[in-house]
Amino acid sequence: MSTNTIKDLTAGTAGGIAQVLVGQPFDIVKVRMQTSPKGTYNGMLHCATGILKNEGPLAFYKGTLTPLLGIGVCVSIQFGALEFAKRVFAAQNIASGRGGEGGKILSNGQLFIAGVGAGIANGFVSGPVEHIRIRLQTQSNTNPMYAGPWDAIKKITSQHGIPALFKGQCVTFLREAAGYGVYFLVYEKLIQREMLTKGIRREEINPINPVLYGAAAGYALWAVIYPIDMIKSRMQTDGFTSSTGQRYASARDCVRKVWRTEGIGAFTRGLGPTLIRSPFANGATFLGFELASRLLYS
């Protein structure tokens, strides 16, 4: 593994930790609203106050150990794969005499493909990590099935096998590929635009701007993937077999049943906390990555 890749993975880990610490309370509200029966909550505040009243403030960080470790790894993989793809495309640009200094000004297509690759690479880890997190976030507070992430992994694999950890994996790959293609395209185009208009290097950009650009990229991401994410959450909270309450035979079956029984509104339920969380979590992610990158590459 090259020195640059190690630096990119390390900087990505910093971004991932920042994302989890900022975004986790919003995420648990989103998951509860996505996976609860219609009418359980009349809005985001009703859900949040219910969690606070019935489970206490620490409930907003329920299942945090899994994402803190897992999302740190996921974001590390995202940025590692993205930066590797960007270097490959920059080399191609140099060979064909385009892309400015060092071939680093990538086309929209190159940035989107780099983002898709980053999302798919990330999906191998984010699928099981989010599956465990969602199981912990939605279990009963008074009679929990799992004592923690490791207990959940042990029980799920012993009862249903290792493939059960990857429940909802096809939907996860679809979400990651579509979402991160758009996510990194928006962010990198905004960074490129500032570099070109001001004639500055990446490390000279004011640190507040990656926060703003990350917020914009986050909104673009969720605009594309939210209904897919809702289906993923339903699949990952579903029973493993008919005897354990399985409702959906497949992702397609899930879409059909949700549409028929709950209507189109179900596909955007929980969007409020996501839109509030997005600028903070994604801004923190890119700020963490950019600052760590500057430190590591200086």
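The values are calculated or read from the model by the stated rules, or taken from the named source; none is laboratory data. Note that the structure is a prediction, hence the values are computed from the model and not measured. Positions of Cβ are backbone-derived with ideal geometry, glycine not excepted, and every protein chain shown enters the neighbour counts. Accessible surface areas use protein heavy atoms only, side chains included; no ligands, DNA or RNA. Shrake-Rupley method; radii C 1.70, N 1.55, O 1.52, S 1.80 Å.
At-a-glance table
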{"quantity": "Single residue of the range 173-194 satisfying the filter (free of Cβ contacts under 8 Å to residues at least 24 places away in the same chain and more than 18 Å from G15 (Cβ to Cβ)) that is surrounded by the fewest Cβ atoms within 10 Å (Cβ to Cβ)", "calculated": "R193"}
{"quantity": "Among residues of the range 61-116, those that are within 30 Å of N141 (Cβ to Cβ) and open to solvent by less than 40 Å² (accessible area, probe 1.4 Å), counted", "calculated": "10"}
{"quantity": "Condition broken by S293, with the remaining ones in (1) open to solvent by 10 Å² or more (accessible area, probe 1.4 Å); (2) closer than 17 Å to G12 by Cβ; (3) modelled with pLDDT under 90 satisfied", "calculated": "(3)"}
{"quantity": "Filter result for K62 (among the basic types (K, R) and over 21 Å from Q236 (Cβ atoms))", "calculated": "no"}
{"quantity": "Some residue of the range 132-139 being of a type in the set (S, T, N, Q), surrounded by fewer than 17 Cβ atoms within 10 Å (Cβ to Cβ) and within 27 Å of A59 (Cβ to Cβ)", "calculated": "yes"}
{"quantity": "Lone unmet requirement of (1) within 28 Å of I120 (Cα to Cα); (2) open to solvent by 40 Å² or more (accessible area, probe 1.4 Å) for K198", "calculated": "(1)"}
{"quantity": "Cβ-Cβ under 6 Å pairs, at least 6 apart or on other chains, the range 34-53 side closer than 17 Å to R234 by Cβ, far side open to solvent by 60 Å² or more (accessible area, probe 1.4 Å) and not polar (S, T, N, Q)", "calculated": "C47/Y41"}
{"quantity": "Search result, residues across the range 277-298 that are under 12 Å from Q24 (Cα atoms) and among the aliphatic types (A, V, I, L, M)", "calculated": "A281"}
{"quantity": "Filter result for E101 (without any contact (Cβ under 8 Å) to a residue 12 or more places away in the chain and farther than 30 Å from D238 by Cβ)", "calculated": "yes"}
{"quantity": "Extreme residue, most open to solvent (accessible area, probe 1.4 Å), among residues of the range 10-60 that are in a helix (DSSP H, G or I) and of a type in the set (K, R)", "calculated": "K53"}
{"quantity": "Subset of the range 111-139 (residues that are touching a residue at least 60 places away in the same chain (Cβ under 8 Å) and β-branched (V, I, T))", "calculated": "I113, V116, V129, I132, I134, T138"}
{"quantity": "Unmet requirement for I120, which otherwise passes all of (1) at pLDDT below 95; (2) open to solvent by 40 Å² or more (accessible area, probe 1.4 Å)", "calculated": "(1)"}
{"quantity": "Pairs with Cβ under 8 Å, 6+ apart, first in the range 258-275 and under 23 Å from V22 (Cβ atoms) and aromatic (F, W, Y), second modelled with pLDDT of 90 or more and surrounded by 20 or more Cβ atoms within 10 Å (Cβ to Cβ)", "calculated": "none"}
{"quantity": "Residues of the range 88-109 that turn out to be part of a loop (DSSP other than H, G, I, E, B) and not polar (S, T, N, Q), as a count", "calculated": "7"}
{"quantity": "Check on V129, under 30 Å from F240 (Cα atoms), touching a Gly at 6+ places or on another chain (Cβ under 6 Å) and modelled with pLDDT under 95", "calculated": "yes"}
{"quantity": "Unmet criterion (only one of (1) among the β-branched types (V, I, T); (2) assigned to a helix (DSSP H, G or I); (3) under 23 Å from F26 (Cα atoms); (4) over 20 Å from the mean Cα position of the chain (by Cα)) for T142", "calculated": "(2)"}
{"quantity": "All positions within the range 231-246 that are in contact (Cβ under 8 Å) with a residue 12 or more places away in the chain and either surrounded by 14 or more Cβ atoms within 10 Å (Cβ to Cβ) or assigned to a helix (DSSP H, G or I) (or both)", "calculated": "I231, K232, S233, R234, M235, Q236, T237, D238, F240"}
{"quantity": "Residue count, the range 257-281 (criterion: touching a Phe, Trp or Tyr at 6+ places or on another chain (Cβ under 9 Å) and either basic (K, R) or part of a helix (DSSP H, G or I) (or both))", "calculated": "17"}
